[in-house]
Every structure is written in structure tokens, then in C-alpha cells.
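Below is one structure; the comments refer to it alone.
Each reported figure results from applying straightforward, stated rules to the coordinates on display, with no laboratory input. Given the structure is predicted, the values throughout are model-derived calculations rather than measurements. With ideal geometry, Cβ positions are generated from the backbone for all residues, glycine too; neighbour counts draw on all protein chains shown.
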Ligand SMILES: [Zn+2]
């Protein structure tokens, strides 16, 4: 019998019913056009993960290519990147700002910062907005399909590491296509049962027919200009995706992510970054070429954040200065909706998606979707308190809430951390703490939950030891001050 009470998360909603505007756009100003943007039937939203201005500059300098497709945009501005809890955003919070027009905490995906498990509500993303408008909608990436950026346009979960939850939400989504590198949490049977054609290589992609919905799981990498054998280029993926989506009279929304600009910059691999950036740029060329023949398509290129802190040094060479993200502004390039940004205008990352929604005819974005999100597997564990107090020679039972999907069975393991000297039994009761550690304060207790899907999740809390006044007297009388 377990003493802790775990709150099994119950699922209430199946579909989205009512959209409640979070804020009104009534206040119009000169630089925030709101309803004044030229609307477009189609939107192609392209994200170069980790792509800063100097990623582009370095690529052009090193390769000697004077003009790339990103130079051909009529509107050029900047997106100001940060997350709700950090000056430097990660791809989950960055992706959420770009998909849903809200800033959330790093590692959160498509959820509000004060409701990370989406127990009450969540923000709608642009791909879902497209579906609600009767448009076709798709997400393609060179990352895993469960990666933070595609997830921000197709899932709502407390952490980018909740792969199982992300993939399950994608599989039950109304998106028409979700393509990327194969993720371990993918299940072909479920995908087919939910109406997706499943393919694993270039031939499978090319064989897709119009009117089909598809889940692409490329078994090798697809990010280079010359991809792995039997794999498509980003350019080919983008062309095929547009081809499949543009048969709907209501239009389409397509998110295209070039993920390896970021990944190569994390490991400071300049040449790999350049290769990834040029592969992404070729995909941009496909989108531009399509939009130019039509006049009803917005093409937008930006990044979630810069990676690597690329700086031009005194010798005229671009150097990496970090292996992580930075907080600098990133490029914002727009084609197809005049007035989207003024030349050189700097706007918040979340403002980018709000304006895209306006171009899609939705002036009340961001939109709040009421109701709980259905999760799969354990998506979180939380203690009521971050710190507990334990009276000396008494015991305390920790009571974590486990946030898990319906039907997910799970087991809980308690551990004292290396530094603590606490004893915790299987029910989470802290029964003893070694005396030598008592007056110096605290023990850290780790809890690990493993569910029936094999997924583990972990969190920690702190237990502080307190003495009653008489315990101090006894302690001093027995051992004296020198005891410690
Ligand atoms: Zn990154």
C-alpha cells in the first residue's frame, strides 16, 4: 500500500470546442498593424534552428557564395529572442513563441508557464489554427519528429524530453503531414490506424499521393546538401510537402525546420553548420519560387535563437565563442504580405507568430484553448512543497503528485541523493537522518517514476532538519558544544 497519493491525471477533453481570446487586439498602433496586414491563403514558416546573422555571414564568407535565397526577401527585420524564465531561450520555449505567440519557460512545449501540464488550458499553435480554419497543415524537420521545434507546432507538454507524449499527440493530431528523422517513440500501427501513410525514405516520400496524410520517419539524416543514401534533401522534402498541401481551396500552413544549423554550432563545427544552412537555404528557394508564382503565399524565415555566439574577430574570421545558445536578435525575413515588418524593425519572437496569425485572418491570436490535454506516459512529478521540514527523531512522508496519462501504470522509487544521509522507505517516508548531518541542515530526496511505457521521470525535494528547544538542551548536555 502506497502512502503517497499520486494524482492520476484524468482526461476531459477530446476536441477543441471554444477558443477564448487571451487579449484583445483593439489597441492598434502605427507599427503594429493588426488587422491591416495583407492576408494570405498559404503560409510557409521556415525556422533555421540556431541561425543568427553571423551564421549566414560566416557561411557566405567561407563558401564564397555571394547571394543566397535569404538575400532575396523584400522585408528584413529582427526577432528578439528570450523565454519567460531566461534571457537565452531554448528551442522549446523559442518554438512555442513562434508557434503560439506566448512566451513560456525553457523546455516547456506549447504550454503556458503557469500551467505546464496543460491541466486547465493551453495556447493554440499556428498549425492548429490552420486546421481550425479548414486549411491543410504540416510540419517538416531535419530533426527527430519529436524534436522541440516540430513539437511546438504539434504538441503541448511540460518538457521537450517527453518524447512519448509528443509523438502520441502528433499521432492523434489533425495535421496532414509530419516528417522528420525517426524517433524511438514512433508506432507505425497507431499511425496507420489514425489515417497516416507511413514512409521511411525518399522513394516512400515521392510515392505519396495527393489527398493522403503522411507521417515520415527518415531512417538516416536528411539535413546535408548531399543527404544519406535513399534520403531526400530538404529542398526535395519542401517541394513535395507543398505539392501535397496546396490542393486545398482554403490554403495551407507549413512549418519547415532546418535543425542542424543549431546542432553543428553546439559542437562548433563550422563546416557542418554551413552545409546545414545552405541545405536550409535551398528549401527556402523552393518556397520563394512557389510564392512568386502565386501572390497568395506568405514565406517567413526566422530562427528560434542563435547558437554558438559567432563573432567576427580582428583577422576577419568568424569564431564560435560558446557551445550553447545566445540571446542575440535573429533574422526575420518576409515575403508575400506587405507591411508585415518595416525595414529593420525589431519585434519580439512571440509577436512574429501573432502577425502570422493576422495574415491568416485571425486577429485575436494568441488563442487560449480551454480544457486539459490528454497525455501519454508520465509527463511530470511534483511535490506539494519544494522543501519539507523534519522534526528531529520524527518522520515525514513526502507526497508527490504524479502527472501521467490515462491508463499509464507506474512505480515510484525514492532515493537519497549522494550528499544526503537520509533514509527513505519505499512509501516515501523519511525516517532517519544521520546525526552528524543534522544541524547542518538538509537532505535531498530524489524520486523517480517509471511507467508502463518504460518512461522515467525524475524530480527532487529537500528535507530540512529541525530541533525542538528541549532537543537542543539534551543534545548540548549529552555531547557538549565540541560535538560539532
Ligand atoms: Zn540548441
Cα pairs beyond 22 Å in region 221-300, in percent, come to 30
Here the gain from full extension of residue 426 to residue 384, 0.36 nm per residue of separation minus their alpha-carbon distance, amounts to 13.3 nm
Counting every C-alpha pair in region 93-157, the percent lying more than 16 Å apart is 41
Final fewest-first order of 266, 325 on the 10 Å Cβ neighbour count is 266, 325
Here the percent of antiparallel bridges among DSSP beta bridges lying wholly in the chain, to the nearest 5, is 55
Restricting to Cα pairs under 8 Å and 6 or more apart, the percent relative contact order of region 209-248 works out to 42
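Based on other C-beta atoms within 10 Å, arrange 383, 467 from fewest to most. It would help to have the intermediate numbers written out before the result.
Working: 383 19, 467 15.
Lowest to highest Cβ neighbour count: 467, 383.
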Helix 349-359: inclination vs the chain longest Cα principal axis, degrees, rounded to 10, gives 40
Relative contact order in percent for region 31-370 (Cα pairs under 8 Å, 6+ apart) equals 32
If the chain between residue 466 and residue 342 were fully extended at 0.36 nm per residue, the gain over the current Cα-Cα distance would be 38.6 nm
Here the averaged projected area of the chain, based on the convex hull of its alpha-carbon atoms and given in nm², is 27.9
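Compute the length gained on full extension between residue 321 and residue 247: take 0.36 nm times their separation in residues and subtract their Cα-Cα distance, giving the result in nm to one decimal.
Between residue 321 and residue 247, full extension yields an extra 22.0 nm.
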For residue 39, placing the label point 7 angstrom along Cα-to-beta-carbon and taking region 88-117, residues whose amide nitrogen sits under 18 Å are none
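How high is the FRET efficiency between residue 190 and residue 113 when r is their beta carbon distance and R₀ equals 35 Å, given to the nearest 0.05?
Working: r = 31 Å, r/R0 = 0.87.
Using R0 = 35 Å, I get an efficiency of 0.70.
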If one compares the long axis through the Cα atoms of helix 53-63 with the longest principal axis of the Cα atoms of the chain, the angle in degrees, nearest 10, works out at 60
What one gets for region 247-347 as the Kirkwood radius, inverse of mean 1/r over different Cα pairs in Å, is 15.5
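For residue 133 and residue 61, what does the FRET efficiency come to when R0 = 56 Å and r is the distance between their Cβ atoms, rounded to the nearest 0.05? Spell out each step's value before the answer.
Numbers: r = 42 Å, r/R0 = 0.75.
According to the calculation, E is roughly 0.85.
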The helix 91-100 Cα axis meets the longest alpha-carbon principal axis of the chain at an angle in degrees, between 0 and 90 and rounded to 10, of 60
